[in-house]
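A quick write-up on the structure given underneath.
The values are calculated or read from the model by the stated rules, or taken from the named source; none is laboratory data. Not measured: the values here are computed from a predicted model. Every residue, glycine as well, gets a Cβ built from its backbone with ideal geometry; the counts of neighbours run over all protein chains shown. SASA here: full protein model, heavy atoms, side chains in, ligands and nucleic acids out. Shrake-Rupley method; radii C 1.70, N 1.55, O 1.52, S 1.80 Å.
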Amino acid sequence: MKKVFSRPESLRDAATHYCPGCGHGIAHRLICEVIDELGIREKAIAVCPVGCAVVAYDYWNFDCCEAAHGRALAVATGIKRTQPDKFVFTYQGDGDLAAIGTAETIHAANRGENLSVAFINNAVYGMTGGQMAPTTLLGQKTATTPRGRNPAGEGYPLKICELLATLPAVASLERVALDSPGGVIKTKRALKAAFINQLEGKGFSLVEILSPCPVCWNKPAGEAWRWVREEMAKTFPLGKFK
Amino acid sequence: MSKKILMTGNEAIGEAAVRAGCDFYAGYPITPQNELTAYMAKRMPEENRVFVQAESELAAISMVMGASASGRRAMTSSSSPGISLKQEGISYLAGAQLPCLIVNIMRGGPGLGNIVPAQSDYFQATRGGGHGDYHCIVLAPCSVQEAHNLVFSGFALSDKYRAPAIILGDGMLGQMMEPLVVHSKKKNLSTKPWALTGCKGRRPNIVKSFYMQEGGLEEFNKALQKKYARIKEKEQRFEGIHLDDSEIILVAYGTQARIARVVVEALRKKGKKAGLLRPVTLWPFPADAFEELLKKKRKKVRFFVTEMSYGQMLEDVRLAVNGRAAVDFYGRAGGGIPTEEEILRRILQ
Amino acid sequence: MREEIICAGFGGQGVMLLGRVIAQAALKENRHVTWIPSYGAAMRGGCAFCTVVISDREIASPYVDKCDTLFVFNQPSWDKFKAKVRKGGLVLFNSSLIKAQQPPRQLRIRKLPFTETAFSLGEVRVANMAALGAFLKEKNILKYKTVLDVFSEITPRHKLHLLEVNKKALEKGYRGW
């Protein structure tokens, strides 16, 4: 009998610490599937963020490096510049990539570092308990916006793909959503394209993945997935930006 | 005799780094260390190494972390306010047990302060500087030649103990030109099986400082402290002048030690038995040297500390002396430096 | 022998280079030497200075509090550094740009028109080397020939055309007015 489905070699046989309905586990697995398919596990080096995915290295079966909050792309720059033959990617949340690490994100992109970025946008700080993220939607209630995010004083959701699209050194930008089986397949396709860009030396590629956080959003898993599709995607339109 | 060339301290440090096999440098402009960044921008590509001008000190030290995690010799440099920003990354490097070399060409503080030479970052350098129970190995050169030499030691010690090393100089040392004999190139690099090089033929490596399991961090911290105890035991370095017969011992490091040496000579001319103890490693502090002096000397000995600060190393001297002898102090920072006349006047008072 | 020198003037008058040439020449003559610049915001038009120490013995302190020779090229530098010259010390005083004043105390002041001389040679930037020529004459510390050798060594290829005029300025300073 032919085996048609199994755990990717890049994914360790471990139970994750993620909450039920969370998008991280799916994103982790998709990355592992792509790495296996491209045959690059033995030259892959991931830079993990500070945030919910801080221990991604416990789930990934390849070399991993920690970074301080927001500095993943700076650490990745150091790794890739000294080992240009390796495959280096960062995995970052919205607080990491779009708040405390905004400078690192914009400048790594602007230098055209030959890196791939998986950017998980779930509109909240998950690990610290659901505070407002730079990508929190207007009116969205969080631990630090109990009356809903008000643009007066709290600003607007930060659109990273749109911002980075102005930079000439960026190779590709795509926004996808973990909102449905179709969305999962599209996410994998986008990750694969971004990874191939690096292998072909095309430069900085970022995939923004809208991802559910049912616990911090205070919604059941099914409803959280619908919220990604019906609410988040309104503020963050899906598609290729570059 | 090897040929002597004139070089600034900043350039001498840069050339030493290149010769010591530094593969990666990231920096950000700040006076008075700009010549070092510019030197690396010129020299590193010539040797097929990597130079990056980072967007911030935070990014520069994190880039160094990435290069170090890759098993490469990596370095950054800055001056006081920039080094404050780097503390985040330095703590991570210490926590992940990654080697690297950090150069601080100190200026006056606190805050933006000014660009005059100062030694006001002693506490920051020797106590850890960032969050957590850690230390960096801190080396304090007093001449352009020694700055050059200590870069080699810094990289070697850092690799040996897997701990960040700091070269702590002041603005005068960075800017000053002196004759220098450059070291011949040597590259005896240790193997780094922990490095992230892709997991081909081995289990994946992880570079991290985070411990989620209960007890994991405490276990790690104990191991870290053991390592620091080993460094304290083995790596204390100092230079002594006239220590055998002296009754008044000046204690100073870096550029200030050179001024202290002139004071020692002046005191000797006046018939006073004066000597100099110049710590070369600030961490580990050469406390054993004080112990030895105090043990040997039955008769009166007193110490006089001088710094381009308002008394930072002074605390380590007092800890080492532990009340067994008088310890006096004179220091200035943020403008003029403590001069020979000023120090002499205070000693002879 | 220990000679402490301060070179001071407007940024752009070549005081840093003057100090470096002296330091390089001292090294060539197997002396111990240190050179320290003022650094930071002193750019063209501002006040710049450097200090040089030349010694037969190892230089303990490179810090210059009082000097044996002051090269001074503009008024603000004279006002700032005149009190830094030791009794009997030499002042190479750019009379083209500094107003004649009563010297504060016993100094060997040589009031010489460095800038005007440089102008007459067609290159205002060589005032520093005219002053260096005068220094070589006044103090028998460095050899004239050594300085010429330093000129040849440090002049970059794209500035070779300036070598001759620098030599002329040095000679004028050395021969006298």
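Yes/no matrix, rows are residues, columns are (1) at the interface with chain B (Cβ under 8 Å from one of its Cβ atoms); (2) surrounded by fewer than 24 Cβ atoms within 10 Å (Cβ to Cβ); (3) touching a residue at least 24 places away in the same chain (Cβ under 8 Å):
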residue: A:33; (1), (2), (3): no, yes, yes
residue: A:43; (1), (2), (3): yes, yes, yes
residue: A:60; (1), (2), (3): yes, no, yes
residue: A:77; (1), (2), (3): yes, no, yes
residue: A:84; (1), (2), (3): no, yes, yes
Which is in contact (Cβ under 8 Å) with a residue 24 or more places away in the chain, within 26 Å of residue B:170 (Cβ to Cβ) and either within 12 Å of chain B (Cβ to nearest Cβ) or buried (at least 18 other Cβ atoms within 10 Å of the Cβ) (or both), of C:52, C:72? C:52
Here is a check on your reading of the model: is residue A:66 at pLDDT 95 or above, open to solvent by 20 Å² or more (accessible area, probe 1.4 Å) and not polar (S, T, N, Q)? no
Give the residue, chosen from C:90, C:97, C:112, that is within 17 Å of residue C:5 (Cα to Cα) and touching a helix residue (DSSP H, G or I) at 6+ places or on another chain (Cβ under 8 Å). C:90
State all residues of the range B:304-349 that are under 22 Å from the mean Cα position of the chain (by Cα) and charged (D, E, K, R); if no residue qualifies, say none. B:307, B:315, B:316, B:318, B:332
Flagged in the range B:114-130 as open to solvent by less than 20 Å² (accessible area, probe 1.4 Å) and among the β-branched types (Val, Ile, Thr), in numbering order, are B:126
I need the full set of residues from the range B:5-54 which are part of a helix (DSSP H, G or I), surrounded by fewer than 24 Cβ atoms within 10 Å (Cβ to Cβ) and hydrophobic (A, V, I, L, M, F, W, C), in order please. B:18, B:38, B:41, B:44
Filtering the range A:125-139 for residues that are β-branched (Val, Ile, Thr) and either closer than 12 Å to residue A:94 by Cβ or crowded, with 20+ Cβ neighbours inside 10 Å (or both) leaves a count of 2
Residue satisfying condition, being surrounded by fewer than 24 Cβ atoms within 10 Å (Cβ to Cβ) and over 15 Å from the mean Cα position of the chain (by Cα), within set B:111, B:89: B:111
How many residues are within 14 Å of the chain's Cα centre (by Cα) and within 11 Å of another protein chain (Cβ to nearest Cβ) when one looks only at the range B:92-108? 2
With the condition kept exactly as written, say whether any residue in the range B:336-347 is charged (D, E, K, R), outside the structural domain of residue B:143 (by TED's automatic domain parsing) and under 17 Å from residue B:242 (Cα atoms). no
Which of the residues spanning the range A:102-114 are facing chain B (nearest Cβ under 9 Å) and open to solvent by less than 40 Å² (accessible area, probe 1.4 Å)? A:104, A:108
Can you spot a residue in the range A:103-117 that is modelled with pLDDT of 95 or more and over 30 Å from residue A:38 (Cβ atoms)? yes
Based on what the data block shows, is residue B:70 surrounded by 24 or more Cβ atoms within 10 Å (Cβ to Cβ), within 14 Å of chain A (Cβ to nearest Cβ) and not hydrophobic (A, V, I, L, M, F, W, C)? yes
Take the range B:157-180 and flag every residue that is within 10 Å of chain C (Cβ to nearest Cβ) and part of a helix (DSSP H, G or I). B:171, B:172, B:173, B:174, B:175
Qualifying residue in the range C:129-136 (condition: closer than 27 Å to residue C:65 by Cβ, surrounded by fewer than 20 Cβ atoms within 10 Å (Cβ to Cβ) and among the aromatic types (Phe, Trp, Tyr)): no
Assuming residue B:311 fulfils every condition listed in (1) without any contact (Cβ under 8 Å) to a residue 24 or more places away in the chain; (2) over 26 Å from residue B:129 (Cα atoms); (3) not β-branched (Val, Ile, Thr) apart from one, which condition is it? (2)
Go through the residues of the range B:185-197 one by one and say whether even a single one is touching a helix residue (DSSP H, G or I) at 6+ places or on another chain (Cβ under 6 Å), part of a loop (DSSP other than H, G, I, E, B) and surrounded by fewer than 17 Cβ atoms within 10 Å (Cβ to Cβ). yes
Between B:315, B:341, which is within 23 Å of residue B:166 (Cβ to Cβ) and open to solvent by 40 Å² or more (accessible area, probe 1.4 Å)? B:315
Subset of the range B:215-260 [acidic (Asp, Glu) and either within 23 Å of residue B:167 (Cα to Cα) or within 14 Å of chain A (Cβ to nearest Cβ) (or both)]: B:233, B:235, B:239
Is it the case that the range A:8-22 has a residue that's open to solvent by less than 10 Å² (accessible area, probe 1.4 Å), among the aromatic types (Phe, Trp, Tyr) and touching a residue at least 24 places away in the same chain (Cβ under 8 Å)? no
Within the range C:10-33, track down each residue that is under 17 Å from the mean Cα position of the chain (by Cα), surrounded by fewer than 23 Cβ atoms within 10 Å (Cβ to Cβ) and outside any helix (DSSP H, G or I). C:10, C:11, C:12
Only one of (1) open to solvent by 50 Å² or more (accessible area, probe 1.4 Å); (2) assigned to a loop (DSSP other than H, G, I, E, B); (3) more than 13 Å from every other protein chain (Cβ to nearest Cβ) is not met by residue C:63, so which one is it? (3)
Filter the range A:140-174 down to residues that are of a type in the set (A, V, I, L, M, F, W, C) and assigned to a helix (DSSP H, G or I) and give me whichever is surrounded by the most Cβ atoms within 10 Å (Cβ to Cβ). A:160
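So that you can scan it fast, the table gives a plain yes or no per residue for (1) at pLDDT 95 or above; (2) of a type in the set (A, V, I, L, M, F, W, C); (3) not in a strand (DSSP E or B):
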| position | (1), (2), (3) |
| --- | --- |
| C:35 | yes, yes, no |
| C:42 | no, yes, yes |
| C:99 | no, no, yes |
| C:116 | yes, no, yes |
| C:119 | yes, yes, yes |
